[in-house]
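Shown next, in structure tokens, is the structure this report addresses.
The values are calculated or read from the model by the stated rules, or taken from the named source; none is laboratory data. All values reported here derive from a predicted model rather than from experimental measurement. Glycine also receives a Cβ, built like all others from the backbone with ideal geometry; neighbour counts cover every protein chain displayed. Keep in mind that these areas ignore ligands, DNA and RNA; they rest on the heavy atoms of the full protein, side chains included. Shrake-Rupley method; radii C 1.70, N 1.55, O 1.52, S 1.80 Å.
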Amino acid sequence: MEFKWTFKAIRTFENASKRILKQQDIKVNGQPVATNPLHAGAILANFIKMSDIMAAAVAATLSAQDLDKKPTEAMTDAESQIQSMLDSGMSLEDIQNDIYRSYLETNDPSSIAIWEAARKRDQEARAKILEKSSGEPATT
């Protein structure tokens, strides 16, 4: 499945995700996150693991529906699409990475190599931790 970040999708996602962060009263250093200026990339990088944020990203990039006008319908469709991806063998991490990579392709293509290098280092660090805890080589 291909995620398409258009300018409208970015605006839609930013508005919806700020509402989600405000509703859930997410705070960083005691300050509500929703009161800080946030852009789509920062929200994706920091909050994509939240199911509502992931669903908002999927709804904004895959559906023609407007999250402002039909939020419940759009989020339900997004959840169905996420479940279809999971049923096809993808993991939530795979979906999250695909969403973020597609955002970078649209918004900041020059940073993709840096992001991929950081992901590779993270995977190697995870493998070492798993290997130490189990005593056997880890596969990631």
Notebook entry, point to check: How much space per residue, in cubic angstrom, does the convex hull of the C-alpha atoms of the chain take up?
Noted result: 134
Check: Which one of Gln83, Ala45, Thr72 has its Cα pushed farthest toward the positive end of the charge dipole of the chain, where Lys and Arg give +1 and Asp and Glu give -1 at the Cβ?
Finding: Ala45
Margin query: Using only the heavy atoms of the protein chains and a 1.4 Å probe, how would Ile95, Ile10 rank by accessible area, largest first?
Written below: Ile10, Ile95
Next item on the list: Would you mind checking the tilt of helix 112-134 against the longest principal axis of the Cα atoms of the chain, expressed as 0 to 90 degrees and rounded to 10?
Entry: 50
Next item on the list: Hey, can you find the accessible area per residue of the stretch 1-49 for me, probe 1.4 Å, expressed in square angstrom?
Entry: 64
Item checked: Computed E for Glu2/Arg121 - FRET, C-beta separation, R0 25 angstrom, nearest 0.05 -> 0.40
Check: Taking K and R as +1 and D and E as -1, what net charge do the other residues with C-beta under 11 Å from the C-beta of Glu116 add up to?
Finding: +3
Notebook entry, point to check: For the stretch 1-72, what's the relative contact order in percent, using C-alpha pairs closer than 8 Å and at least 6 residues apart?
Noted result: 43
Note to self: Can you show me the helix-derived [θ] at 222 nm for the chain, built from DSSP H runs with n ≥ 4 at -39,500 (n - 2.57) apiece and divided by the number of residues, rounded to the nearest 500.
What the structure shows: -22000 deg cm²/dmol
Notebook entry, point to check: At a 1.4 Å probe, what is the % contribution of carbon and sulfur to the accessible area of the chain?
Noted result: 50
Check: Within the chain, how many lysine pairs that are 8 or more places apart, or on different chains, have C-alpha atoms less than 29 Å apart?
Finding: 29
Next item on the list: Sort the following peptides by mean Cβ neighbour count (other Cβ atoms within 10 Å, averaged over residues), highest first: 111-120, 18-27, 97-106, 49-58.
Entry: 49-58, 97-106, 18-27, 111-120
